[in-house]
Structure formats: structure tokens, C-alpha cells
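Asks: Attaching a single structure in C-alpha cells format; questions to follow.
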Amino acid sequence: MANRFSRRQFLKLSGLGGVGIVVGSALPGVALGHDQDDFYFVQLSDTHWGFEGAPNPDAKGTLKKAVAAVNALEQQPDFIVFTGDLTHTTDNPVERRRRMAEFKDIVSQLKARAVRFMPGEHDASLDQGKAFKEFFGATNYTFDHKGVHFIALDNVSDARAMIGEEQLAWLAADLKRQKADAPIVVLTHRPLFDLVPQWDWATRDGAKAIELLMPYQNVTVFYGHIHQEHHHKTGHIAHHAAKGLMFPLPEAGKAPTRAPIPWDPAQPYKGLGFREVDTDTKTAQCKLTEFPVVKA
């Protein structure tokens, strides 16, 4: 039976400990536990249910494999969050709802006690989030978990890739109720900063959201959309993109287009995965551990 370490102990033993955001990786045969003064959640993103094509010949099976992989974790997360593009875009509103119903049925097999959802532009931009709300509820919301304040921002329902003044006012009002040193985690789909604007890897008014967040000392942003792990800082605010669960996309700005990376039969599911986010409720540090959707 594997020895049990808290993730904090594991990161220290691996030389990955330290102040601020730490990125780790899972080691086979090491069972990772969690200290009493922290918790962890799982981020999954960009499942694109309904996609069919050469970039993923197992398009109907990958999400189910991801569900099985999360369910196989030795200790279940406090909650799971899907950061958008649950389904692949379609102009047909009936087909859109069919895909959402199928997605919801598949992820209902997750063992975690709570699962939260956010839209991506594939889910919401064509109908301003109408279908998404029917299946999953509000597109922006807040919740608190063990002293950490979570804010889910919607930067996809507006087809212009904007948060919008109304939602920014809502964000400002919510932040006014938080202390300057409050641990805050922001969840969104598109990056709030300009990563590759010509690829739609940006939010037109994201700078306004970052400006509202900047006075707060302990803010971390988790997002999806770009189908790859990516880490960036705006001032003291760390931004972390998650891998997708349908097909990877090229490294930011280092290809002529953002076309999906071709499927490699020799390395199936390469570039697809999910992450654990360990959150220390006393120090507001987050430690990330990346997992492949299917073990090599």
C-alpha cells in the first residue's frame, strides 16, 4: 500500500514547495492526502461534447475516461468545477440542448459531493447563455468554501468577448464585501488578460476586472479556453489555464493558426488532462497538480 503524504509534504519533498503558486506533478505510487487546514478541488475544462473529427477519434469516450480518472482519485475533492466549453458549438438550438443533456448525464457519474459549471463561448455565445441556464443555472455567481471566496465570471455569453458593465458592477459590489487580505479565487473561461487577442484568447474588458481585483492581496485566477496548461501573472495576480479534454491547441501565439494539434496514435490523449488545486485556507496558497486524462 502506498505511503500517504499530504500534498504540502509531497511538494516539499519534491522541491516544489514555497511561497505563492506552486505547480507540481503527480507521481505514480504516491498517495497524496490533504492537511486539515487546506482543501482541494478539481478543475476540468473544454470537454466540447458533440465534437467529431480527426483531432480526437475517441471524441465520444474521452469525457467518460476523465470522469473515471477523477473518480479513481484516492481522496475525492471537495468540489469539481468545469471552466467552460462543456459542449461543442452548434447553430441548432435543439441539438445544443441535446448535447447539454448528454454531457450532464455523463458527469452525473462523478463521485464528488459538489460539481459546479461555467459556460464557454461554445455553450453560450449564440443564445446569450439561455440553454446553459436551463441546464446548469446562473452563468456568473459566487460561493465560499472553508474561508476562500470564489467568483465565477461570465466572459462568453456576450459574443463580443466581454464581461459587460452590469457584471463588472456586480463584481465591484461583491469585492467591496471582502477584506483586502481575503483569499479569492476567480473562475472564468477566457483569459482576463491579452494572451493572443487575434486568436480570441483575451477578454475585451478583462483589464477592468483585473483593476477591480488588484487591491486584493491574495487573488488567483483559473481559466480554460486555450486547451493547454499556461501560467501568467498580472502584478501579484496569478492566472492558470487548464488543459482541455477534447483536443490540445498550439502553444500561445507560436503557430500560424489556432487549429487543433493532430491526434498522435503513438501517444493518444497527449495534451489532454485535468488538475487538482490544493488551497491552504490559512496562507491562501494554491498548489497545482496536473493529471493526464489517460495514463501513458
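Asks: Quick one: which of 169-180, 247-258 comes out on top by average Cβ neighbours within 10 Å, and what's the full order, highest first?
Replies: Highest to lowest by the protection proxy: 247-258, 169-180.
Asks: Next question, about the same structure. R0 = 41 Å: FRET efficiency of ARG258 with LYS282, Cβ-based, nearest 0.05?
Replies: So, using R0 = 41 Å, E works out to roughly 0.55.
Asks: In segment 77-155, what percent of the accessible surface is made up of carbon and sulfur (1.4 Å probe, ligands and nucleic acids excluded)?
Replies: 47 percent
Asks: While we're here: Two decimals is fine: what is log10 I(q)/I(0) at q = 0.12, 0.16 Å⁻¹ for the chain, from a Debye sum with one equal scatterer on every Cα and no solvent?
Replies: Result of the Debye calculation: -0.75, -1.40.
Asks: Same structure, new question: Counting DSSP beta bridges in the chain, what percent are antiparallel, to the nearest 5?
Replies: Here the antiparallel bridges make up roughly 45 percent for the chain.
Asks: Taking 7 Å along the Cα-to-C-beta vector as the label spot, tell me the GLU251-LYS104 distance in nanometres, rounded to one decimal.
Replies: Distance between label points: 4.1 nm.
Asks: Now a separate question. Could you do me a favour and compute the accessible area per residue for the chain, 1.4 Å probe, result in Å²?
Replies: 44 Å²
Asks: Sticking with this structure for a sec: If you take the Cα Rg of segment 117-217 and divide it by 2.2 N^0.38 Å, with N the number of residues, what do you get?
Replies: 1.06
Asks: Using a Förster distance of 35 angstrom, determine the FRET efficiency expected from the C-beta separation of GLU74 and ARG177, and round it to 0.05.
Replies: Plugging the Cβ-Cβ distance into 1/(1 + (r/R0)^6) gives 0.45.
Asks: Over segment 222-296, what percent of the accessible surface lies on carbon and sulfur atoms, probe 1.4 Å?
Replies: Of all accessible area on segment 222-296, carbon and sulfur atoms account for 57 percent.
Asks: In percent, what relative contact order does the chain have, based on Cα pairs under 8 Å that are 6 or more apart in sequence?
Replies: 21 percent
Asks: Which whole-Hz ³J(HN,Hα) couplings does segment 205-212 yield from phi under the Karplus relation 6.51 cos²θ - 1.76 cosθ + 1.60, θ = phi - 60°, glycine and proline marked x?
Replies: Using θ = phi - 60°, the values come out as 10, x, 4, 5, 5, 4, 4, 5 Hz.
The values are calculated or read from the model by the stated rules, or taken from the named source; none is laboratory data. Just so we're clear, the structure is a prediction, and the values are computed from it rather than from any experiment. Don't worry about glycine lacking a Cβ; one is built from the backbone with ideal geometry, like all the others, and counts go over all protein chains shown. Surface accessibility is based on the protein's heavy atoms, side chains included, excluding ligands, DNA and RNA. Shrake-Rupley method; radii C 1.70, N 1.55, O 1.52, S 1.80 Å.
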